[in-house]
Every structure is written in structure tokens, then in C-alpha cells.
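Below: one structure, written as C-alpha cells.
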Amino acid sequence: MDHANSKTNPAAPILADFAAGLRDEDIPVQVLERAQQCLVDAIACAMFGQSLPWSKILLAQTGLDEKAGFLPLATSTSLTAIREAALAWGAQSHAFELDSLVQPSVGVHPGATVALPALAVAQACHASGRDLLRSIVAGFEVMHRVGTATLHSPEKRGFHAPGIVGPFGAAIAIGVLMGLDSGHLTQAMGIAGSLGAGLLAFSKAGSGGMVKRLHMGRAAESGILAAQLAAGGYEGPDTVLDGAFGVLEAYCNDHDAALLTAGLGSSWQTSSLAIKSFACHITAHIPVHMLRSLMARHGFTGHDIAALNLHVSDKVLSHHTARQPGDIMQVQYSVPYVVAVAAYRDPADPASFRSDVISDDNIKRLAELIVLEPLRDISGRRGPTELKITLRDGRQLEDAATSFLGCPDQPLSSDQLRAKFLVLTKDRIAEPERLFDSLMAISNNPDVSSLWTSGLR
């Protein structure tokens, strides 16, 4: 990389100029709609996640009480309380592998690391819904480009990408809500670069998976801290992304610095939002969708499967192959185990991933049986994910796909998003339908703190 060029024209100030100058009228309507869906989904995921044991452990270490651990934020607008809310909410949103990401993947989780910390700050400062959505778009666009420029290589070295790039998106979103100018946003990015963290040791250890949930919360919290410090005059390097010992050099085996600013303001990456249907890692979604579709069309169950072969990505082969998971996160992270779960249980029901899934003999048998192979090369490029099933009666069934319901090319409808929202929030809030409708009209809300008219159960 040309470090001399990064010193004279680093990417961080360019990204900061974009975010500071972004206006509502600059953003296409469909992009604002995707930002709104990102927020709605993140809130539902965090409400669901708040009840889980690992979320309660984390919440107990904050100054927030159980109700303040989610909506609404405690009436205190102290800087510490806002950061702690972002920490709790980000971790809760990712607490059961239900939160949004993007497709194609660049290692970001915008709901947990951008939308929710922005919500915490918007709520505390009584921002409008329109301002909140604009801040989410700004943070999303910047974070996505940082992730894209890494070429997903940090995870090959054992870093968990969302924990590394998430603080940048949060810092930008929060800085925009705080009204920071380009110079202060640049400093916020420089600070955020020293606050990112997250290792993939859990993916190989067979235990300790709780820590994965923490990475999103820490990214959300760190972004707020970075913006707050920058507002107070704290400084960070403007070469934090593309300079010597910056993100691209320090974390990446391979990278492309030109992608940090490519298409800025014209190619809207917020449109790449992908919303999950199942409580599992995104790499399992295509095979699970294919399996469930074949089961519905041909009338078989997990007991009927004699053999199952999958052609999957290199990332699946290197990171997502556990056959004997030691905890729920390991279950959700393993493609063969999740596929086996989907053969015997409804994967759209989060309860299907309860603790007994680890000891279910039928699921364990099928998980061991599944054969994983590399994606085929077709005309010089990698082909789609392929699934081949042999049933005990001799029938052979096949399918192939490159995307799933919830991807940018198959977005969830409003009714489908509502259905997921209600499933996740029905036991957490008294009037989930009312809250959903209010969130879907948030662009017309002059003060987002007025949303929370329904108390937690």
C-alpha cells in the first residue's frame, strides 16, 4: 500500500465529510426504508435477547436496572448510562444469532452496532425519527466500506470482524446525532480504531461461546465513547484506516484501500441489509431454507435422511464445522449441526435452539452424517451452495441457491417483518403490534423518546 498517499489523502476525513454533510434529501427513499427495517429488527432481537442468561449476567455488571436494560432508557441522560445501554442492547441483539447483517457479507452487523447505539443517543437527546434514520444510514455506509476494504481477511487471522469494524459505524452514527463536524468525526474514527476487539477463539474452543455476543455490545459502546471523546477534544489518527499500522495493515492479510470510499454517496450499501429468519449463523441460512423447502415439497422428515451432502464456502469449511458443540452458541455457529436441527425442529422458532438440542440423539446422528465439500467451480467462478439428500427409500433430492428470504434480492415484506417482530417481542412488551406500527412510522416522529408507551411485562 502507498502509505505516503494515505498520509496526504487518508480515507477517514473523506468518510467524515460524507457523514457530516449528509442530508435527508440526499438519501433515496428505499435506503431510508432499509435503515428503518434495520432498526425495527434490531429492537425485536434485543428485546428477545434481554431475557437470556448471558444477557442478564452482562446487565448485572452495568448500572442499569432490568427494565432500563431495554426500553426505555433510564431517564438519566448521563454519558455513562447511554454507553451502558448501548453495551447491553448490542449484546442482547446478538444474543441469539437473530440480528441483521449484510449480503454479500463483509463482516458487519448494522442492527446491533449502528442502529441500537444510535437509538440510545437519539432517545437521550430527544432526536427526531428522521434524524435517527439519517444517522443510521451514515454509520451503515461508513462501516460497510471499512468492512468491504478488509476483504473479509481479519477473520482468517482469528479476529471477529464485527468487533473490529463496528465501532467505526457506531462512532459515525453517534457523531452525526451529536452534530459533530467533519473534523470531530474524523477524530472519532481515529479513536474508534483503538477500541475495536473480538477474537474467534470461541469457534475452535468448543466452549465459551457467550463471548461472541459481547463483541457487538462492545462495538456499540465503543462507538459512543469515541464520539463523546471526540466531542470533548480528544484526538485520534486520521490515518487509522489506511495508514501505517492502521486497520487494513494491522488486521488484514489482504485488503483494498480504494474500497473505503468507492461509490460514496451514489452506491448505497444500506440496501445490502439482510434480515434473518432463523436463530443461527448466516452461513446456515441457505442450506436450511433449501432443506425445509424440500421437506415441504416431498413430505419427508429427519428420520428419513440416509445421507446429506453440502457444497459450501471456504469460510464454512474453516469456521463453521463443529459436530459436537459444547454450548448453544456453538450449535448456532455450526452449519452441519444447524442443518440437522432444521431436519427435526422448526428453525423459525427460536425455542428449537434450546439447551436440549446439544443432547438430542437424532440431531447428533445427522450432524455427524453430513458431508461438507467445497463449492464447485463453474465457468471460472464459485457456484451456488448445493444440497443433495439421499432418503432411506432410495430417493435422491437436490437443490442449489445463492440467496435466501431476507437477502437484498428477496427482502422481507412488511408483514413478514411484523411476524418476526411479534414472535420475538410478544412475551416482552404489552402491546407489540402498537410498537411495531409506531416504529414503521418513525420518520414522522419528532421525538423518538415518545415511542415507549408500552411497558415491559
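So which of THR239, THR261 ends up being more than 23 Å from the chain's Cα centre (by Cα) and either open to solvent by 40 Å² or more (accessible area, probe 1.4 Å) or hydroxyl-bearing (Ser, Thr, Tyr) (or both)? None of the others qualify; the one that does is THR239.
Residue by residue, here is whether (1) in a helix (DSSP H, G or I); (2) in contact with a Gly (Cβ under 9 Å, 6 or more places away or on another chain); (3) at pLDDT 95 or above; (4) among the charged types (D, E, K, R) holds:
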site: ALA230; (1), (2), (3), (4): yes, yes, yes, no
site: PHE245; (1), (2), (3), (4): no, no, yes, no
site: ASP254; (1), (2), (3), (4): no, no, yes, yes
site: ALA262; (1), (2), (3), (4): no, no, yes, no
site: THR270; (1), (2), (3), (4): yes, no, yes, no
site: PHE278; (1), (2), (3), (4): no, no, yes, no
site: LEU291; (1), (2), (3), (4): yes, no, yes, no
site: ARG297; (1), (2), (3), (4): yes, no, yes, yes
site: LEU310; (1), (2), (3), (4): no, no, yes, no
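The helices (runs of 4 or more DSSP H) located wholly in the range 94-190 that include 2 or more residues which are polar (S, T, N, Q) occupy 129-149. On inspection, GLU25 fails the criterion of being at pLDDT 95 or above and either among the hydrophobic types (A, V, I, L, M, F, W, C) or crowded, with 18+ Cβ neighbours inside 10 Å (or both).
Once the range 382-409 is narrowed to residues that are in contact with a helix residue (DSSP H, G or I) (Cβ under 7 Å, 6 or more places away or on another chain) and of a type in the set (Val, Ile, Thr), the residue that is nearest to LEU98 (Cα to Cα) is THR385. If we scan the range 153-165, do we find a residue that is in contact (Cβ under 8 Å) with a residue 40 or more places away in the chain, among the hydrophobic types (A, V, I, L, M, F, W, C) and farther than 22 Å from ALA257 by Cβ? Checking the range 153-165: not a single residue is in contact (Cβ under 8 Å) with a residue 40 or more places away in the chain, among the hydrophobic types (A, V, I, L, M, F, W, C) and farther than 22 Å from ALA257 by Cβ.
No other residue among ALA201, ALA192 is buried (at least 24 other Cβ atoms within 10 Å of the Cβ) and either modelled with pLDDT of 95 or more or more than 20 Å from GLN92 (Cβ to Cβ) (or both) apart from ALA192.
If only residues of the range 149-175 that are open to solvent by 20 Å² or more (accessible area, probe 1.4 Å) and touching a Gly at 6+ places or on another chain (Cβ under 9 Å) are counted, the one that is nearest to ALA20 (Cα to Cα) is HIS152.
Restricted to the range 409-444, and to residues there that are open to solvent by 30 Å² or more (accessible area, probe 1.4 Å) and among the polar types (S, T, N, Q), the residue that is nearest to ARG134 (Cα to Cα) is SER443. Considered as a group, the residues in the range 364-380 that are touching a residue at least 60 places away in the same chain (Cβ under 8 Å) and not in a loop (DSSP other than H, G, I, E, B) include one that is least open to solvent (accessible area, probe 1.4 Å), and that residue is LEU366.
The set of residues in the range 381-398 being in a strand (DSSP E or B), open to solvent by 50 Å² or more (accessible area, probe 1.4 Å) and either touching a Pro at 6+ places or on another chain (Cβ under 9 Å) or farther than 29 Å from ARG34 by Cβ (or both) consists of ARG382, LYS388, GLN396, GLU398. Checking each residue in the range 214-223 for being within 16 Å of THR62 (Cβ to Cβ) and open to solvent by 10 Å² or more (accessible area, probe 1.4 Å) picks out LEU214, ARG218, GLU221. Restricted to the range 328-347, and to residues there that are of a type in the set (Phe, Trp, Tyr) and within 12 Å of LYS364 (Cα to Cα), the residue that is least open to solvent (accessible area, probe 1.4 Å) is TYR337.
Filter the range 312-327 for residues that are of a type outside the set (Gly, Ala, Ser), in contact with a helix residue (DSSP H, G or I) (Cβ under 8 Å, 6 or more places away or on another chain), open to solvent by 40 Å² or more (accessible area, probe 1.4 Å) and assigned to a helix (DSSP H, G or I) and give the result. Residue satisfying the conditions is LYS315 alone. Taking every residue in the range 285-305 that is under 18 Å from ILE363 (Cα atoms) and pairing it with any residue that is open to solvent by 50 Å² or more (accessible area, probe 1.4 Å) and at pLDDT below 95, at least 6 positions away or on another chain, the pairs with Cβ-Cβ distances below 7 Å are HIS289/LEU405.
The values are calculated or read from the model by the stated rules, or taken from the named source; none is laboratory data. Predicted model, so just to flag it, every value in this text is computed and none were measured. Heads up, the Cβs are rebuilt from the backbone with ideal geometry, glycines too, and the neighbour counts pull from every protein chain shown. All accessible areas refer to the heavy atoms of the entire protein, side chains included, with ligands and DNA or RNA removed. Shrake-Rupley method; radii C 1.70, N 1.55, O 1.52, S 1.80 Å.
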